[in-house]
Amino acid sequence: MLDNFESGVAFSFVRNPNYYEEGRPYVDKVIGLIIPDAATSLAALRSREIDMGEVDPQNLDSFRQTNPDATIYKWGYWFAFMYWRADKPPFNDPRVRQAVSMAIDRDEIIKVVFNGDGYWNAFIPRVLSSWWLDPKSPEMGPAGKYFKYDPRAARELLAAAGYPNGLKTVLISTPGYGTLWTQYVELVHAQLKRSGFDVELRMVEYSAYISTYFSGKFDEGMVWGLQSTFQEPHDYLYNMLHSKGARNHAHISDPMLDQLIEKQAQVLDVDERKKLILEIQRYAAEKMYYVPGPGRFYYWAVHPYVGGYYPYATNEYGYGGVMVPRVWLNK
């Protein structure tokens, strides 16, 4: 139960005596410290001021040296993506959207920002590996070319769409996801400028980003965002790609896509459903309604006196209902 919240500082929960699982939660209180600065957060984790927390890839080796007894869990669920108003110029032209995708060097992002430890996403993130279609694989078909970094092809697509001298626009994002995210956005911005985009970078405060851009209440430019994590592919397909989806950030209205998404939701046979979901990803890649960005692996350090911890696929999204009730401390 919520005990206290101090904006920008900390929050705390206390044990619910009427919790639905008898005997749980094991701990009486959980305190979450809000530490925006990555170096300060890492120092608190090293000194055991906090019992568990994230370690950025760049600091992983040094943390292992200073805290060799900590257990470090690794999983990947970052789903970054570019979106826009796909119902309005210039992004209602698939050639412009394809050009954006070909302007992004996914391998450079993985190398520079993620310390070489990342992966390519499609329209289903890689973490849902049973449903994910590898953009590099032959299964992606002809649409696979739009995931390849090719500045020359990007310029040619822009020219064919009526922008022979490049496209002037704005790239919008937020610093609210942390230092590593900001580095990610800045590199995407630089890559776009190499490929015929005269693009201004505009970073907006997180609450404004969510209420205006993530909710689709904008008209200009393109937005580099981070999607929530789901356990079921339908949550991505319907929410993001269906015309009536709650997270249809790009205002997509494609009857073929709607039909395919509705059909896969009604199929009970797993193999048949997978075929449909792969078909949807190929179709969406051809249209490039969104541009899936590469993802990073998360490293979550847990000190040895923490018992009962088990990594959940969505980590923070299952924090209160999955992780916390099962954890205890041997202090």
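Bear in mind that the values in this text are calculations on the coordinates, not laboratory data. Just so we're clear, the structure is a prediction, and the values are computed from it rather than from any experiment. When we count neighbours, we look across all protein chains shown, and the Cβ atoms used for this are built from the backbone with ideal geometry, even at glycine.
The Ser62 and Glu108 beta-carbon pair, evaluated with R₀ = 25 Å, returns a calculated FRET efficiency of approximately 0.55. The packing ranking, built from the mean of other Cβ atoms within 10 Å per residue, places the peptides 78-88, 199-209 in the order 78-88, 199-209, highest first. Cross-link candidates for Lys29: which lysines have Cα within less than 24 Å, leaving aside residues fewer than 8 places away along the same chain? Within reach: Lys331.
FRET efficiency for the Asp269 to Ser137 pair, using the beta carbon distance and R₀ = 30 Å, is estimated at 0.85. Simple spin-label estimate for Arg326 and Asn16 gives 1.7 nm between the two label positions (7 Å along the Cα-to-Cβ direction from each Cα). Cβ crowding within 10 Å ranks Ile110, Ile104, Ile72 as Ile72, Ile110, Ile104, fewest other Cβ atoms first.
Each listed q (0.08, 0.12, 0.13 Å⁻¹) maps to a log10 I(q)/I(0) for the chain, found by the Debye formula over equal Cα scatterers with no solvent: -0.42, -0.92, -1.05. Taking other C-beta atoms within 10 angstrom as a stand-in for reagent exposure, Asp28, Asp51 fall in the order Asp28, Asp51, fewest first. Each helix, a run of at least 4 DSSP H residues, gives -39500 (n - 2.57); summed and divided by the residues of the chain, these come to -8500 deg cm²/dmol at 222 nm.
Gain on full extension, evaluated as 0.36 nm per residue between Ser253 and Arg152 minus their Cα-Cα distance, stands at 33.4 nm. When the C-alpha to C-alpha distance is required to be over 24 Å, the pairs from Lys88/Lys275; Lys193/Lys244; Lys74/Lys111 that qualify are Lys88/Lys275; Lys193/Lys244. Between Ile72 and Leu33, full extension at 0.36 nm per residue minus the direct alpha carbon distance yields a gain of 12.1 nm. The peptide list 34-45, 272-283, put in order of mean Cβ contacts within 10 Å with the highest first, becomes 272-283, 34-45.
If packing is taken as the average count of other Cβ atoms within 10 Å, what order do 165-176, 233-244 fall into, highest mean first?
Taking the mean over residues of other Cβ atoms within 10 Å, the ranking is 233-244, 165-176.
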